[in-house]
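> For reference, the structure I am asking about is given below.
The values are calculated or read from the model by the stated rules, or taken from the named source; none is laboratory data. Predicted, not measured: the structure shown is a model, and the values here were computed from it. Here the Cβ positions follow ideal geometry from the backbone for every residue, glycine too, while neighbour counts run over all protein chains shown.
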Amino acid sequence: MTHIRSVAVALIVVAAAAYLALGAVVTPNDVYHALDKIPLTHRSEIVHAFGVGFSLGRLVPDRTLQLVNRLAADKGTTADKEGILLTIAHALEDDLPVTLLIDKTEEGLARNVPLYVILNGSGGTVRILGLVQREKALVAVRDDLLYAKGIFCISRTGQATATSLPRTRFDRIVTEVADVICDYVESGASPLDGHLIYQQVQTRLENLSQLRQPVILPEDAALVLARIKPADLTEVTKKVYGFINKS
Amino acid sequence: MNNEDNLERMLRDSLRHEVARDAFRLEGLEKRVATELSGRVPRGSVWDSLKRIIAPTSRGRAAQLAVVGVTALVFMVLGAFIGNKLSPIGLFGGGRHSIQAAVSASGETSALFVMPAPGAKSVAVVGDFNGWTPTPLSDPNNDGIWTARIPLPPGRYEYAFIVDGHWWGQDPLADGYVHSFGSYNSVRYIGRVGEGA
């Protein structure tokens, strides 16, 4: 009798633990409900784009929920909150990876940086890139660097062109190269020093390809480094500089 | 042969003459050197004491060896203690990556974050690995060295410490630094090939 009671108690505990574990899983619907905390004027566009992001794995529900909750709790203006969400949504609609944008938003919020600086950056004595410039950097790296050099992403239909990489691998390269360029611009160095930018891209890609579980495959790093030239990186970096001056 | 003998005799005579001429200079030389040295070396200094201990005495060589041995042992123990305490923050060399980033037997990688902050009330680390939400460091020994080991998959991570509410983005043990929002972030690569457990 005691034995049966012990088994019953164990089963109840396991069931409770399973319920709690399943209940803790964040779904896209949780994110959409959280968006209601912000009075958005373009809610449907944002929800649609986020849906695309979730379906492609470019957005992760729990991290997105954390971001939305933090934005909702911030004392910044609704316009800036919506601006941040729309920038991420626009990048998703434009078939871009958004890890870089989400990460920088989270960092800015943690540092108590004003939302309008997180969104638009600052071109003062201290150069700060906002989400707007970072999105432009992602576009420039993808279009003016990788596409221009014949490195493509396998399309959603699965058709591969001459040199096509799976989306996750392509996204990672776009993200890392754009991040290097953004770091370079924020360091205050000259956009004309293509060799230095190339060196930094090379270091990043090679470091990530030489890990125990490579974040970027060595062949992908070699492919990119073989095709791009310092002058190409200068052009992309100058574009990002141009967006700073305009903002 | 005769000429060589003559030459040698002439040289000897010449040298003897030179020595005889300056012999008065050598009078009391030993005493003067001793006086000069005693004026330069402070009396009762540690070095002086050590010399007295090490110098041959009636206690014999066994006693000297014992003193030297004990001293060496003390230094070895102290070195091991200090090295163990401080090597993770880079004051002593010796493969910082093998200390900072570890690989478990199951192949899982982790990072050891170390922040020397004596007197701090709270220390945390924030980074892209935790969504920039603080993960607390602890100082169980109350020696001012705050640490936290965080399991992380191989990759590149940006992070900063928060010491009593103040951001500190320049970890001396980082692989690099980047500008971010007008400040700095530290950068570390986890899971490099060759990092040990």
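> Say whether the condition of being small (G, A, S), closer than 27 Å to A:N69 by Cβ, buried (at least 21 other Cβ atoms within 10 Å of the Cβ) and modelled with pLDDT of 95 or more is met by at least one residue in segment A:164-182. Before you say what the answer is, go through the steps one by one.
Initial filter on segment A:164-182 (small (G, A, S)): A:164, A:178.
This time we only want the ones that are closer than 27 Å to A:N69 by Cβ, so: A:178.
Restricting the remaining residues to those that are buried (at least 21 other Cβ atoms within 10 Å of the Cβ) gives A:178.
Right, trim to modelled with pLDDT of 95 or more and you get A:178.
Yes.
> Looking at segment A:178-201 only, could you name the residues that are more than 9 Å from every other protein chain (Cβ to nearest Cβ) and not in a helix (DSSP H, G or I)?
The answer is A:A189, A:S190, A:P191, A:L192, A:D193.
> Please go through segment A:103-117 and give me each residue that is facing chain B (nearest Cβ under 9 Å) and part of a helix (DSSP H, G or I), ordered by number.
Let us first name the residues in segment A:103-117 that are facing chain B (nearest Cβ under 9 Å), namely A:103-104, A:106-111, A:113, A:117.
Scanning segment A:103-117 gives A:D103, A:K104, A:E106, A:E107, A:G108, A:L109, A:A110, A:V117.
> Same structure, new question: Go through (1) crowded, with 20+ Cβ neighbours inside 10 Å; (2) among the polar types (S, T, N, Q); (3) within 13 Å of chain B (Cβ to nearest Cβ) and name the single condition A:T237 misses.
Unmet for A:T237, out of (1) crowded, with 20+ Cβ neighbours inside 10 Å; (2) among the polar types (S, T, N, Q); (3) within 13 Å of chain B (Cβ to nearest Cβ): (3).
> Let me ask you something else. Please indicate, with yes or no, whether at least one residue in segment B:171-186 is under 13 Å from B:V126 (Cα atoms), buried (at least 21 other Cβ atoms within 10 Å of the Cβ), facing chain A (nearest Cβ under 10 Å) and of a type outside the set (G, A, S).
Going through segment B:171-186, the residues under 13 Å from B:V126 (Cα atoms) turn out to be B:171, B:184-186.
Filter again for buried (at least 21 other Cβ atoms within 10 Å of the Cβ), leaving B:171, B:185-186.
Within this subset, residues satisfying the condition of being facing chain A (nearest Cβ under 10 Å) are B:185.
Filter once more, keeping what is of a type outside the set (G, A, S): B:185.
Among the residues of segment B:171-186, at least one is under 13 Å from B:V126 (Cα atoms), buried (at least 21 other Cβ atoms within 10 Å of the Cβ), facing chain A (nearest Cβ under 10 Å) and of a type outside the set (G, A, S), which makes the answer yes.
> Can I ask one more? Do we find that A:R111 is in contact (Cβ under 8 Å) with a residue 12 or more places away in the chain and within 21 Å of B:E158 (Cα to Cα) in this structure?
On the way: in contact (Cβ under 8 Å) with a residue 12 or more places away in the chain: no; within 21 Å of B:E158 (Cα to Cα): yes.
No; evaluated as a whole, the condition is false for this residue.
> For segment A:127-147, state whether one or more residues are surrounded by fewer than 17 Cβ atoms within 10 Å (Cβ to Cβ) and either in a loop (DSSP other than H, G, I, E, B) or among the small types (G, A, S) (or both).
No: segment A:127-147 contains no residue that is surrounded by fewer than 17 Cβ atoms within 10 Å (Cβ to Cβ) and either in a loop (DSSP other than H, G, I, E, B) or among the small types (G, A, S) (or both).
> Further, regarding this structure: Checking the structure you have, find out if any residue of segment A:202-220 is away from chain B (no Cβ under 14 Å), more than 20 Å from the chain's Cα centre (by Cα) and surrounded by 19 or more Cβ atoms within 10 Å (Cβ to Cβ).
Looking for residues that are away from chain B (no Cβ under 14 Å), more than 20 Å from the chain's Cα centre (by Cα) and surrounded by 19 or more Cβ atoms within 10 Å (Cβ to Cβ), one finds none in segment A:202-220, hence no.
> For residues in segment B:149-170 being touching a strand residue (DSSP E or B) at 6+ places or on another chain (Cβ under 7 Å) and assigned to a loop (DSSP other than H, G, I, E, B), which is nearest to the other protein chains (Cβ to nearest Cβ)?
We begin by selecting, within segment B:149-170, every residue touching a strand residue (DSSP E or B) at 6+ places or on another chain (Cβ under 7 Å); these are B:149-163, B:167-170.
Okay, now just the ones that are also assigned to a loop (DSSP other than H, G, I, E, B), so B:152-154, B:169-170.
On the way: B:L152: 11, B:P153: 7, B:P154: 4, B:G169: 10, B:Q170: 14 Å.
Looking at residues that are touching a strand residue (DSSP E or B) at 6+ places or on another chain (Cβ under 7 Å) and assigned to a loop (DSSP other than H, G, I, E, B), I get B:P154.
> More than 14 Å from chain A (Cβ to nearest Cβ), surrounded by fewer than 19 Cβ atoms within 10 Å (Cβ to Cβ) and of a type outside the set (K, R), is that true of B:D139? Walk me through how you get there before you give the answer.
Numbers: more than 14 Å from chain A (Cβ to nearest Cβ): yes; surrounded by fewer than 19 Cβ atoms within 10 Å (Cβ to Cβ): yes; of a type outside the set (K, R): yes.
Yes, satisfied.
> A:P97 passes all but one of (1) assigned to a helix (DSSP H, G or I); (2) surrounded by 19 or more Cβ atoms within 10 Å (Cβ to Cβ); (3) outside the structural domain of A:P191 (by TED's automatic domain parsing); (4) touching a Leu at 6+ places or on another chain (Cβ under 9 Å); which number fails?
Tallying (1) assigned to a helix (DSSP H, G or I); (2) surrounded by 19 or more Cβ atoms within 10 Å (Cβ to Cβ); (3) outside the structural domain of A:P191 (by TED's automatic domain parsing); (4) touching a Leu at 6+ places or on another chain (Cβ under 9 Å), A:P97 fails exactly one: (1).
> Also, quick follow-up: On the basis of being more than 29 Å from A:Q210 (Cα to Cα), facing chain A (nearest Cβ under 8 Å) and not in a loop (DSSP other than H, G, I, E, B), does B:W146 make the cut?
Working: more than 29 Å from A:Q210 (Cα to Cα): yes; facing chain A (nearest Cβ under 8 Å): no; not in a loop (DSSP other than H, G, I, E, B): yes.
Here the answer is no, as B:W146 does not meet what is asked.
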